[in-house]
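The values are calculated or read from the model by the stated rules, or taken from the named source; none is laboratory data. This one's a predicted model, so the numbers in the text were calculated from it and none came from an experiment. Cβ placement follows ideal geometry from the backbone for every residue including glycine, while neighbour counts extend to all protein chains displayed. With ligands, DNA and RNA removed, areas are computed over all heavy atoms of the protein, side chains included. Shrake-Rupley method; radii C 1.70, N 1.55, O 1.52, S 1.80 Å.
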Amino acid sequence: LTPPAGPFIILPSDADTVQVAWNYPPGTYKLDVVQHSEFGCDADTVSGLVIIVEPPFADAGSNAVICAGESYSIMDATAGNTSSLLWQTGGDGTFSDPALLLPVYTPGASDIINESVILTLTGFGLGNDTTCAPAVSSMILDINPIIIPEFDPIGPLCQNTVPPALPDVSNNGITGTW
């Protein structure tokens with residue numbers, strides 16, 4: 001056995017499995033195996049290719065804030081060296097397509113009540129399932145409740161009279177110009 005950057009490796013005579021830690025840069029490497037017998041007879045060379053890929057990366061993007069009743073378009077998530085993607089929610093909302101890098105998330109009722117939800121992006125690697133650990137990243141979507149100012153009723157008023165101005169602060173503490 002000859003690694004890409006090293007000498008032959010002699011295995012014990014009772015070895016029936018070859019395991020190699022491929023700590024080499026990404027690329028395609030040729031693997032040749034020849035079995036030598038103690039009697040000087042060599043078996044045919046068995047060749048194969050080993051393909052090494054970069055590990056996956058994923059970034060769910062920056063935390064964000066929306067108002068209740070709005071959907072959130074994920075705009076700054078990134079991922080690479082992936083065979084597939086999966087968005088998941090820690091709440092009860094839905095994604096327009098959880099396999100897209102930049103889907104739209106619509107908060108559910110619990111998300112809105114909790115005023116926050118964690119959205120998680122997982123990027124699955126290009127290698128076989130057991131060779132590349134998935135890349136996982138999360139972001140927090142804060143959901144501001146809709147606040148409706150409340151005022152005491154005005155009136156009754158006579159027809160053709162000008163009503164008094166609303167106060168600068170509502171009964172529930174909201175300030176503004178009305």
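Take T17 and decide whether it is modelled with pLDDT under 75 and either open to solvent by less than 50 Å² (accessible area, probe 1.4 Å) or under 30 Å from L126 (Cβ atoms) (or both).
Values: modelled with pLDDT under 75: yes; either open to solvent by less than 50 Å² (accessible area, probe 1.4 Å) or under 30 Å from L126 (Cβ atoms) (or both): yes.
Judged against the criteria, T17 is a match.
Pairs, please: C-beta under 8 Å, at least 6 apart or cross-chain, first residue loosely packed, with under 13 Cβ neighbours inside 10 Å and in segment 41-59, second part of a loop (DSSP other than H, G, I, E, B)?
D42/V34; D42/Q35; A43/V34; A43/Q35; A43/S37; D44/V34; T45/V34; V46/V34
If you check I112, I51, which single one turns out to be modelled with pLDDT of 75 or more, in a helix (DSSP H, G or I) and farther than 23 Å from V136 by Cβ? Break it down stepwise before answering.
Details: I51 fails: in a helix (DSSP H, G or I).
Only one candidate passes the filter, namely I112.
In this structure, is F124 open to solvent by 40 Å² or more (accessible area, probe 1.4 Å) and under 30 Å from L86 (Cβ atoms)? Lay out the reasoning, then the answer.
Values: open to solvent by 40 Å² or more (accessible area, probe 1.4 Å): yes; under 30 Å from L86 (Cβ atoms): yes.
Spelling it out, F124 is indeed open to solvent by 40 Å² or more (accessible area, probe 1.4 Å) and under 30 Å from L86 (Cβ atoms).
Quick one: count up the residues across segment 20-48 that are part of a loop (DSSP other than H, G, I, E, B), modelled with pLDDT of 75 or more and under 36 Å from the mean Cα position of the chain (by Cα).
Residues flagged as part of a loop (DSSP other than H, G, I, E, B), modelled with pLDDT of 75 or more and under 36 Å from the mean Cα position of the chain (by Cα) within segment 20-48 amount to 4.
For the structure I just gave you, tell me whether P12 is at negative phi and either modelled with pLDDT of 95 or more or surrounded by 14 or more Cβ atoms within 10 Å (Cβ to Cβ) (or both).
Details: at negative phi: yes; either modelled with pLDDT of 95 or more or surrounded by 14 or more Cβ atoms within 10 Å (Cβ to Cβ) (or both): no.
For P12, the condition - at negative phi and either modelled with pLDDT of 95 or more or surrounded by 14 or more Cβ atoms within 10 Å (Cβ to Cβ) (or both) - is not met.
For the subset of segment 127-170 comprising residues that are in a loop (DSSP other than H, G, I, E, B) and of a type in the set (G, A, S), which member is least open to solvent (accessible area, probe 1.4 Å)?
Quick first cut of segment 127-170, residues in a loop (DSSP other than H, G, I, E, B) only: 127-134, 145-168, 170.
This time we only want the ones that are of a type in the set (G, A, S), so: 127, 133, 155, 165, 170.
Details: G127: 24, A133: 78, G155: 48, A165: 95, S170: 7 Å².
The residue in question is S170.
Can you tell me which residue in segment 81-98 is most open to solvent (accessible area, probe 1.4 Å), limited to those that are hydrophobic (A, V, I, L, M, F, W, C) and more than 30 Å from G27 (Cβ to Cβ)?
Quick first cut of segment 81-98, residues hydrophobic (A, V, I, L, M, F, W, C) only: 85-87, 95.
Those still in the list that are more than 30 Å from G27 (Cβ to Cβ) too: 87, 95.
Working: W87: 6, F95: 32 Å².
For segment 81-98, the residue satisfying everything is F95.
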